[in-house]
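The values are calculated or read from the model by the stated rules, or taken from the named source; none is laboratory data. All figures in this text were calculated on a predicted structure; none of them were measured in a lab. Cβ atoms come from the backbone with ideal geometry, glycine included; neighbour counts cover every protein chain shown. The protein model used for the area step is the full one, side chains on, heavy atoms only, and it has no ligands, DNA or RNA in it. Shrake-Rupley method; radii C 1.70, N 1.55, O 1.52, S 1.80 Å.
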Amino acid sequence: MILRTLSLLRSLQGASHTAKDAQAIVQQACDYRWLRGELRHGAVSGPATALSDGTPAVTIILAYPATRARLAGGRWPEGVEEREGCFVEGTHACRAAGAPAYRTLESLSRGLAVGAASVLKDTARLQYLIDQRALRLTWRQPQHLPDVLTRRLTAGNAATPGVFLLSLKVPARREEVQLSGAWLDRALDRYRRILPRPPGH
């Protein structure tokens, strides 16, 4: 199973992969699939913004109760002001927000189940977001949240001392936004195709 997965990845990328490389690739694809599944719970926030390369973008915010388990995933300060000044970016932001970890041998069989081509495409989509510094997790007090986000947090989480906000910048105009995974795929693929490829790729 492992050798077959590695063979598929090699044939698609034309490169040599170790089992560790393959796990990292599939993990990134799994993180992306988690993110696209969460998008329906999000809300468009604030005015238009831009990615790190200047591409116009919109910010979509996802809210999660800052449970002890989530707080344990990082070194968040005890003080409220200090905690609000901290943030986590990239794949670490997804993991801290609650994305499940698939860094096991079973993750390789997941790659086979959905097809190596699909894995590489989802990995590239998340890598685009990482390269553009488009994923960021912050902690906020519940009373500071916009109403559109507080509606997602259930009454059972009312006692939570804080909320994690996962912000996702997507290259699109506000009027184009559709809070669905299919829309996210289209938006990212459209802009990934117009970017110049790094030397050697």
- prompt: Exactly one of (1) surrounded by fewer than 17 Cβ atoms within 10 Å (Cβ to Cβ); (2) at pLDDT 90 or above; (3) among the basic types (K, R) is unmet by R75. Its number?
  reply: (2)
- request: Assess whether C86 counts as being hydrophobic (A, V, I, L, M, F, W, C), at pLDDT 85 or above and under 12 Å from the mean Cα position of the chain (by Cα).
  value: no
- request: Search segment 62-72 for residues being open to solvent by 40 Å² or more (accessible area, probe 1.4 Å) and not in a helix (DSSP H, G or I), and hand back the single one that is modelled with the highest pLDDT.
  value: T67
query: Looking at A43, A29, A50, which one is out of contact with any strand residue (DSSP E or B) (no Cβ under 6 Å at 6 or more places or on another chain) and on the phi < 0 side of the Ramachandran plot?
result: A29
- request: Answer with yes or no whether V163 is surrounded by 13 or more Cβ atoms within 10 Å (Cβ to Cβ), modelled with pLDDT of 95 or more and under 27 Å from C86 (Cα atoms).
  value: no
